[in-house]
């Protein structure tokens, strides 16, 4: 913190009074082939020094376009069709919408007065230029520095965003940085010319939850110390609650509700805001656990022992491959009948690999999987022949993450769901059709839709079709791999409820793999926390989420933003040094 | 900071749009299979549509060459060597100052260049050669099966000259030769691509599905073949054809040579797609559904590949046509009496011939370019429409 | 970087081996060999053939050896002594005949490659940035035309046009008065006057393809987030485009040497035959027709090697341009 306050000179900007940026009735159109899309309609808001406005909405609500319009970088064919954007940094109000395209004033404002950070840390920096050269470029563009000065300043900036060894890292390329580090470099670039306004467009969406907490922390500190106004765009109400002063909720291009953060969270007016909040807050409590399972679990239906998967490590023509990667490292757990076991971890923790190892989509390097379909029966899954493995796959099913990629677009819904039945054989066409209709009803879809192709369905509906396919063979266990991650908030909780509903009707156990702690908490009885291929903690969901024991779990749980501005969690979170 | 608290209470259900064109058929598309979607996407590309029509016409010409050609492609009339194209007229002077409808071409008058003593032909306005549809002319065996002598277009009196595109060195009708050449050149493209396809699919699928050393070996082979400059290779292979072989044998071996070197691109394409599809979630899902390898390939992977393969194949046909043309042009491909566009162009090798009889270059070359362009546009259209599911 | 180059060089060895097999296959492919065709033509013209002499020749040339022995002799001759075998038709070692011709092929390839780049890069960039403008459509149309017209037809057409309208005969690389003369400014100008037709003929198809590739790549790159980043920095638009997306979209253009070069060499072969240029093409064709197989095989092998070297250079250039490859 001491380092940060050293740059506090900007804390005393000339205060000219009034908002530093005000948007009035901004509208944006995209003329497309068959129609004009009114992406932004009559949007008004103001940004003030030292304050953060959060623009919240689900995907496609027009929030990113709005932000980019402030810098006049809307992609073609989009155009501003009405309204004004007034920038007032030095007492001379400037109407940004009135400036001609490519004019000097616009170029000066971009990077100079408004800095931009956005979502994709992987692709938002040029892959063929060094990090340093990309930052130096901004400095030389706006601050009239010599090369040497700019380089020194860049090192200083990298230090401020807490990139270790900035003298070395300045000459590195983007692909040598991790996601979090890239986002830091991006922040350094956006702040290089000390802008009055920082626009952060989903700056942490692509990051792991602990990295997200770090980055949000950093942005917030830099913003306060520099006295910048910030426009933060996000779909995550937790993030909003943690950092916002003011909130504007956007839907279908319109701001449906604005207000200060406390009012929005505790006295929402608009039905849409209420729905958004309900979907988020709902996940804050464990529903499955509240239903209460049996106090003592019987013999486990599936046991995994010392599961290990090593990638690489062989030799090639040109000598040894540098390092063998242990994606999964000696993992053991039991799954009981009727239980929902969550496997939670950040990207690279090995959770997805683990799911695939259980099903032998990927062959394990070591370990034992024992499946107990009935009393006294015991199957060693790793010893199964190809044919026997098919039987196993009938009882242990997988639900995929991406509802778009997991359904064959060239088959009708009926063909998709019936495929496992057809392969198993022994059913007449009529019987199959009846069964498909039954499963469609079970997952809440109209059986009449079975002749349609997947492209006619939305993401949530497709995920329902995927679930119906998984159910088609009367499975005992369903492995759900990030099954709700690709869905928007309100649909996510619907799917979770559907899965729980089905569990009550059929005798099922779930292995629920997710990076999202609140979904796991809602859905699971027990949770295994994975880190670097190992399970660091396995306990009841409620215990893990409220009173974790291991240091890593603590840091993970405390990094999850809380969707309540009165109980900000991240600021006093645990940090974990690996 | 006091911010105006605004709430728009009405709840909307979708993004705001102003339609520019009437939208319809949404419901219909919901139950549309892949080919229907591809078709819908394809017909939006007018250029590809026109090209498809041209290709169909070319293949019709190839199929009915005997009937469409006004005469026998190898019948030579030494008295009409290098005769220029005749224009078609529709009215003749009836003798009483009124014109009478009578489709015709003008006959030829011979002029001898006083300097070079070369004979040249000029259309003679005095000579009228009446022409018509469905005339009787040179007899032929249609598709080698039926004896016929009906021609779509010809001089009413078959002994009279009608050379709409002129004649060559031996006084043979260029139009008839061009039409017969269409049959050979267009079919080489099709058969060659068929052979390439079989090779490409078999090797590409093996490579893509089994991976490992099979893949490495096949990839190496593809690498070597595609690194070799094609024309020298074609030349080398074609030069090995024994002179004693029959025209039909030569035809097939040339097709084979052309396709041997064309399959690499296909194999690479198939392999790439195969690899991509193999790891697609829906294929993994099908495997977990209990599908065996064979069902995986034929039910899940191949249907996703066919439209792409079709596009690549279409784009490979013009290469084959060009290859045949080039080989024949150089005199080591097809040889007379077989007629192909390349064989026709052989007559245009000499710059002096071309300058005195430019039609010998213009028409066959034009045919090649039109065919190749059409295949390219058509193939591009197919390729763009091949995946109707990508946004 | 050096490690990378060595790796590339090692990878070339199996490919070279494959190419030599193909070249040797072509040498062996024609039924009979040069001697049988020589005997045939001698008996035809009524000359007496001395069986003893034939047998001697057969032994000298090793026509009776098993095929792998013949290959081994041939390839070791090339690798260790630069001996490509004997040209029966010219009755001289092949190595005396090929180098001039290969040199001309190489120079023409380089000239054409430069032409291809010089034309396709600016047009490709323009077309991508001004997508769907009138000029873009015009370029696209000519691109398609360039792809559709086979080399030799283009050569014939240009020859006809220049003969008919410019009164210039365009065969060969030099006018008769300069052939065999030492290099001078006059000769150089004369060369350039002759060079434009082959270069255009050979380069057109490659240019058209590269324009399409560059246009497609750049169009993709133009919408990448890093372009927005560059724009958000306040860079003027032309700098945004030239410094970032163009820089990345050029990579495939550079690596295109790998497949453009074989096409150029291929195009040179046939164009040279039509235009009667002193490159490898006409000699190759003649050798093939007269079954002078060692000469023909050597040309085919060397052309393959030429494109391989081109690929190596493109790999190295690409590694220099793109740090992601360099660091792998």
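The values are calculated or read from the model by the stated rules, or taken from the named source; none is laboratory data. Since this is a predicted model, take the numbers as computed values, not measurements. Here Cβ is always computed from backbone atoms with ideal geometry, including for glycine, and neighbour counts include all displayed protein chains.
Quick check on my filter: what residues within the range A:475-499 are part of a loop (DSSP other than H, G, I, E, B) and free of Cβ contacts under 8 Å to residues at least 40 places away in the same chain?
We begin by selecting, within the range A:475-499, every residue part of a loop (DSSP other than H, G, I, E, B); these are A:475-476, A:482-488.
Correct list: A:484 only.
Condition check ((1) under 21 Å from the mean Cα position of the chain (by Cα); (2) closer than 26 Å to residue C:261 by Cβ; (3) at pLDDT 80 or above) across all residues:
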{"site": "B:176", "(1), (2), (3)": "yes, no, yes"}
{"site": "B:185", "(1), (2), (3)": "yes, no, yes"}
{"site": "B:193", "(1), (2), (3)": "yes, yes, yes"}
{"site": "B:200", "(1), (2), (3)": "yes, yes, no"}
{"site": "B:206", "(1), (2), (3)": "no, no, no"}
{"site": "B:250", "(1), (2), (3)": "yes, no, yes"}
{"site": "B:257", "(1), (2), (3)": "yes, yes, yes"}
{"site": "B:266", "(1), (2), (3)": "yes, yes, no"}
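From B:223, B:293, grab the single residue that is within 11 Å of chain C (Cβ to nearest Cβ) and either farther than 21 Å from residue A:390 by Cβ or at pLDDT below 85 (or both).
Of the residues listed, the single one that is within 11 Å of chain C (Cβ to nearest Cβ) and either farther than 21 Å from residue A:390 by Cβ or at pLDDT below 85 (or both) is B:223.
Could you please find all residues in the range C:299-322 being surrounded by 18 or more Cβ atoms within 10 Å (Cβ to Cβ), under 16 Å from the mean Cα position of the chain (by Cα) and away from chain B (no Cβ under 11 Å)?
If the condition is that a residue be surrounded by 18 or more Cβ atoms within 10 Å (Cβ to Cβ), under 16 Å from the mean Cα position of the chain (by Cα) and away from chain B (no Cβ under 11 Å), then C:314 is the only one that fits.
Confirm whether residue C:141 is more than 14 Å from chain B (Cβ to nearest Cβ) and either closer than 30 Å to residue C:221 by Cα or outside any helix (DSSP H, G or I) (or both). Quick ask: steps written out before the conclusion?
Working: more than 14 Å from chain B (Cβ to nearest Cβ): no; either closer than 30 Å to residue C:221 by Cα or outside any helix (DSSP H, G or I) (or both): yes.
In short, no.
May I ask you to list the residues in the range A:166-199 that are more than 10 Å from chain C (Cβ to nearest Cβ), touching a residue at least 24 places away in the same chain (Cβ under 8 Å) and more than 16 Å from residue A:225 (Cα to Cα)?
A:169, A:170, A:171, A:177, A:179, A:180, A:182, A:183, A:184, A:185
If I ask for residues that are modelled with pLDDT of 75 or more and either at positive phi or in contact with a helix residue (DSSP H, G or I) (Cβ under 8 Å, 6 or more places away or on another chain) (or both), which ones from the range B:85-120 would you list?
B:85, B:108 - these are the residues of the range B:85-120 that are modelled with pLDDT of 75 or more and either at positive phi or in contact with a helix residue (DSSP H, G or I) (Cβ under 8 Å, 6 or more places away or on another chain) (or both).
Under 30 Å from residue B:389 (Cβ atoms), part of a helix (DSSP H, G or I) and under 25 Å from the mean Cα position of the chain (by Cα) - does that describe any residue in the range B:67-81?
no
Output the number of the condition that residue A:133 fails; it satisfies all remaining conditions of (1) out of contact with any strand residue (DSSP E or B) (no Cβ under 8 Å at 6 or more places or on another chain); (2) closer than 19 Å to residue C:244 by Cβ; (3) more than 7 Å from chain C (Cβ to nearest Cβ); (4) in contact (Cβ under 8 Å) with a residue 12 or more places away in the chain.
Among (1) out of contact with any strand residue (DSSP E or B) (no Cβ under 8 Å at 6 or more places or on another chain); (2) closer than 19 Å to residue C:244 by Cβ; (3) more than 7 Å from chain C (Cβ to nearest Cβ); (4) in contact (Cβ under 8 Å) with a residue 12 or more places away in the chain, residue A:133 violates only (4).
Mind listing whichever residues of the range A:78-95 are closer than 30 Å to residue A:182 by Cα and without any contact (Cβ under 8 Å) to a residue 60 or more places away in the chain? Write out each step before concluding.
In the first step, residues of the range A:78-95 are kept if they are closer than 30 Å to residue A:182 by Cα; the result is A:78, A:87, A:89.
Of everything in the range A:78-95, just one residue is closer than 30 Å to residue A:182 by Cα and without any contact (Cβ under 8 Å) to a residue 60 or more places away in the chain, namely A:78.
Which residue, of A:28, A:116, A:107, A:37, is assigned to a strand (DSSP E or B) and surrounded by fewer than 23 Cβ atoms within 10 Å (Cβ to Cβ)?
None of the other options fit; the residue is A:37.
Hey, which of the helices (runs of 4 or more DSSP H) in the range A:252-325, taking only ones fully inside, have at least 1 residues that are surrounded by fewer than 16 Cβ atoms within 10 Å (Cβ to Cβ) and at pLDDT below 65?
A:287-291
Identify, by number, the condition in (1) more than 10 Å from every other protein chain (Cβ to nearest Cβ); (2) modelled with pLDDT of 80 or more; (3) buried (at least 17 other Cβ atoms within 10 Å of the Cβ); (4) over 26 Å from the mean Cα position of the chain (by Cα) that residue B:281 doesn't meet.
Of (1) more than 10 Å from every other protein chain (Cβ to nearest Cβ); (2) modelled with pLDDT of 80 or more; (3) buried (at least 17 other Cβ atoms within 10 Å of the Cβ); (4) over 26 Å from the mean Cα position of the chain (by Cα), only one is false for residue B:281: (1).
In contact with a strand residue (DSSP E or B) (Cβ under 6 Å, 6 or more places away or on another chain), surrounded by fewer than 22 Cβ atoms within 10 Å (Cβ to Cβ) and more than 30 Å from residue A:56 (Cβ to Cβ): does that describe residue A:171?
The answer is yes for residue A:171.
Quickly run through the range A:50-60 and pick out the residues that are in a loop (DSSP other than H, G, I, E, B) and either within 8 Å of chain B (Cβ to nearest Cβ) or crowded, with 23+ Cβ neighbours inside 10 Å (or both). Break it down into steps so the answer makes sense when it comes.
Of the residues in the range A:50-60, the ones in a loop (DSSP other than H, G, I, E, B) are A:50-51, A:57-60.
Scanning the range A:50-60 gives A:51, A:57, A:60.
Confirm whether residue C:193 is out of contact with any strand residue (DSSP E or B) (no Cβ under 8 Å at 6 or more places or on another chain) and either under 30 Å from residue A:138 (Cβ atoms) or crowded, with 17+ Cβ neighbours inside 10 Å (or both).
When the stated conditions are applied, residue C:193 does not pass them.
Do any helices (runs of 4 or more DSSP H) lying entirely in the range B:316-391 carry at least 2 residues that are at the interface with another protein chain (Cβ under 8 Å from one of its Cβ atoms) and under 27 Å from residue B:249 (Cβ atoms), and which ones are they?
In the range B:316-391, B:359-385 are the helices (runs of 4 or more DSSP H) which contain 2 or more residues that are at the interface with another protein chain (Cβ under 8 Å from one of its Cβ atoms) and under 27 Å from residue B:249 (Cβ atoms).
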